[in-house]
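Written below as C-alpha cells is the structure these notes are about.
The values are calculated or read from the model by the stated rules, or taken from the named source; none is laboratory data. Every value quoted in this text rests on a predicted model; they were computed, and no experiment measured them. Neighbour counts are summed over all protein chains in view; Cβ atoms, including those assigned to glycine, are modelled from backbone coordinates with ideal geometry.
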Amino acid sequence: MEKKTVSKFVSIIFISIMALIWVIPLLYTFFSSFKSEADIQSNAFTLLPINWVIDNYQDVLFKNTSAPVAKWFMNSLTISVSHTVLVLVIVSLAGYGYSRMKFKGRNAIFAFLMASMMFPAVVNLIPLYKIIDTLGWVNNFLAAIVPGSAAVFNIFLVRQFMQGIPIDFDESARVDGASDFQIFTKLILPLIKPVLTVVALFTFTGSWNDFLWPTIAFNDIEKMPITPGLQLLQGMYALDIGHALTGALIAILPTFILYLFTQKYFMESLSLSSGVKG
C-alpha cells in the first residue's frame, strides 16, 4: 500500500472518530428530549426512547411562565439578527474607508485599532456597563445589539479583502462619474460577499452563544436571551434531565440550521482567496 494511501486512510479514520465524538452527544440530547423522565432515569444508556413523548417540549415552551423559553428564543433571534446586520453595515463601511479612501492619519488610526486587540474583552465589562446604564439600556435589546458592532478583527478582515480588489476598478468608475457611495454599493459590495458571509456567520453565532455580557446587561427574565436563560432553566430542572436537555436542544437549533444550509458558502469563504493578497 502506498504511503499516500495509508496517510489518507488514517486521516479518514481520525476525522470519523472526531465526528462521532461530536455527533453522539448531540444525538443523545435529541432522542432524550423525547423521553419521559422515568425513561431517562431507568434507561440512561439507551439511545432511542422506549416511548416517544413530546411532554418535555410542551412543558418547556408553553407551561413554564417562570422560565419563558419561547420568549427567550425570540429575544435571542431579534438580538442576533439585528446585531449581525449592524455589524455588516459598520465593518463594510469602515473597511472601505481604511482600504480605498485616503485621509490624514488613516494608517495611524488603523494601527491604533489593531493595537486595541491586545486587551482582553473582559476589561471593558465595567466601563461598558456604566455606559449602557447611563444611556438607560439595561434590560434593553440595544445593550446586546450595539456593543461589539465595530469589532476590530472584522474590520481588519474586510479591509484586507478589499485591498485585494484592484484600485483600477475605482478609478474607472470615477471616470464614468460614479461617487464614492456608488462605487461602494455597486462595485465593492458585490465583490466582498465572500468575506461578509464569514463575518455574518461568526457574528450571528457569537451573538447567539454569548453568555457573559447578557448575564450582566439583563436581569429582567422577560427580556433575557436564551443562552443566559438556560442557566435559570437548568437551575429549575436540576433533577429533571429531560427538560434541561430539551432547553439546550432548542438553544442550539438556529446555529445548527444556519451552518447546515450555509456550509458550502462558509467553506468557500474561509479561504478568502479571491480577494486577500498573499
Which condition does Leu88 not pass, out of (1) at pLDDT 90 or above; (2) outside any helix (DSSP H, G or I), if it passes all the others?
(2)
Check off (1) exposed (fewer than 11 other Cβ atoms within 10 Å of the Cβ); (2) aromatic (Phe, Trp, Tyr); (3) not in a helix (DSSP H, G or I) for Trp52 and give me the number that stays unchecked.
(1)
Among the residues of the range 221-233, are any in a helix (DSSP H, G or I), among the acidic types (Asp, Glu) and either at positive phi or more than 14 Å from the chain's Cα centre (by Cα) (or both)?
yes
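Within the range 82-94, is there a residue that is within 21 Å of the chain's Cα centre (by Cα), small (Gly, Ala, Ser) and over 15 Å from Phe204 (Cα atoms)?
Pass one, the range 82-94, residues within 21 Å of the chain's Cα centre (by Cα): 82-94.
The next check asks that each one be small (Gly, Ala, Ser); those that pass are 82, 92, 94.
Checking the rest, the ones that are also over 15 Å from Phe204 (Cα atoms) come to 92, 94.
Yes, because at least one residue in the range 82-94 is within 21 Å of the chain's Cα centre (by Cα), small (Gly, Ala, Ser) and over 15 Å from Phe204 (Cα atoms).
So, of the residues in the range 95-112 that are in a helix (DSSP H, G or I) and either at positive phi or surrounded by 15 or more Cβ atoms within 10 Å (Cβ to Cβ) (or both), which turns out to be farthest from the chain's Cα centre (by Cα)?
Step one: filter the range 95-112 for residues in a helix (DSSP H, G or I), giving 95-100, 106-112.
Add one more test, that the residue is either at positive phi or surrounded by 15 or more Cβ atoms within 10 Å (Cβ to Cβ) (or both), and what stays is 95-100, 110.
Working: Gly95: 20, Tyr96: 23, Gly97: 25, Tyr98: 25, Ser99: 26, Arg100: 28, Phe110: 25 Å.
This residue is Arg100.
In the set Phe9, Phe34, Phe45, Phe14, which member is surrounded by fewer than 12 Cβ atoms within 10 Å (Cβ to Cβ) and part of a loop (DSSP other than H, G, I, E, B)?
Of Phe9, Phe34, Phe45, Phe14, the one residue that is surrounded by fewer than 12 Cβ atoms within 10 Å (Cβ to Cβ) and part of a loop (DSSP other than H, G, I, E, B) is Phe45.
Considering only residues that are among the hydrophobic types (A, V, I, L, M, F, W, C), farther than 25 Å from Val158 by Cβ, in contact (Cβ under 8 Å) with a residue 60 or more places away in the chain and surrounded by fewer than 20 Cβ atoms within 10 Å (Cβ to Cβ), which ones fall in the range 174-229?
Filtering the range 174-229 down to residues among the hydrophobic types (A, V, I, L, M, F, W, C) leaves 175, 178, 181, 183-184, 187-189, 191-192, 195-196, 198-202, 204, 208, 211-213, 216-218, 221, 224, 226.
Remaining after also requiring farther than 25 Å from Val158 by Cβ: 175, 211-212, 216-218, 221, 224, 226.
Adding the requirement that they be in contact (Cβ under 8 Å) with a residue 60 or more places away in the chain leaves 212, 216-218, 221, 224, 226.
Those that are among the hydrophobic types (A, V, I, L, M, F, W, C), farther than 25 Å from Val158 by Cβ, in contact (Cβ under 8 Å) with a residue 60 or more places away in the chain and surrounded by fewer than 20 Cβ atoms within 10 Å (Cβ to Cβ): Leu212, Ile216, Ile221.
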Residue match in the range 179-202 (condition: under 27 Å from the mean Cα position of the chain (by Cα) and hydroxyl-bearing (Ser, Thr, Tyr)):
yes
Does Ala67 qualify as being part of a loop (DSSP other than H, G, I, E, B), touching a helix residue (DSSP H, G or I) at 6+ places or on another chain (Cβ under 9 Å) and under 13 Å from Ile250 (Cβ atoms)?
yes
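Hey, does the range 126-137 have a residue that's surrounded by 15 or more Cβ atoms within 10 Å (Cβ to Cβ), among the polar types (S, T, N, Q) and either modelled with pLDDT of 90 or more or at positive phi (or both)?
Our first condition is that a residue be surrounded by 15 or more Cβ atoms within 10 Å (Cβ to Cβ); within the range 126-137, this holds for 128-129, 132, 137.
The next check asks that each one be among the polar types (S, T, N, Q); those that pass are none.
Taking every residue of the range 126-137 in turn, none turns out to be surrounded by 15 or more Cβ atoms within 10 Å (Cβ to Cβ), among the polar types (S, T, N, Q) and either modelled with pLDDT of 90 or more or at positive phi (or both).
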Taking the condition closer than 15 Å to Gly95 by Cα and either hydroxyl-bearing (Ser, Thr, Tyr) or in a helix (DSSP H, G or I) (or both), does Phe204 pass?
no
Reported set for the range 145-174 where residues are under 17 Å from Leu201 (Cα atoms) and either in contact with a helix residue (DSSP H, G or I) (Cβ under 6 Å, 6 or more places away or on another chain) or in a helix (DSSP H, G or I) (or both) is Ile145, Ser149, Ala150, Val152, Phe153, Asn154, Ile155, Phe156, Leu157, Val158, Phe161
So for the range 154-176 (the condition being of a type in the set (A, V, I, L, M), under 16 Å from Val91 (Cβ atoms) and touching a Ser or Thr at 6+ places or on another chain (Cβ under 7 Å)), does at least one residue qualify?
yes
Filtered residues of the range 241-275 (kept if part of a loop (DSSP other than H, G, I, E, B) and modelled with pLDDT of 75 or more):
none
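Looking at the range 58-68, can you tell me whether even one residue there is free of Cβ contacts under 8 Å to residues at least 24 places away in the same chain, basic (Lys, Arg) and more than 30 Å from Arg174 (Cα to Cα)? I'd like the intermediate steps shown before the answer.
Let us first name the residues in the range 58-68 that are free of Cβ contacts under 8 Å to residues at least 24 places away in the same chain, namely 58, 62-63, 65.
Pick out the ones that are also basic (Lys, Arg) and you get 63.
Those left that are additionally more than 30 Å from Arg174 (Cα to Cα): 63.
Checked against the condition, which is being free of Cβ contacts under 8 Å to residues at least 24 places away in the same chain, basic (Lys, Arg) and more than 30 Å from Arg174 (Cα to Cα), the range 58-68 yields at least one hit.
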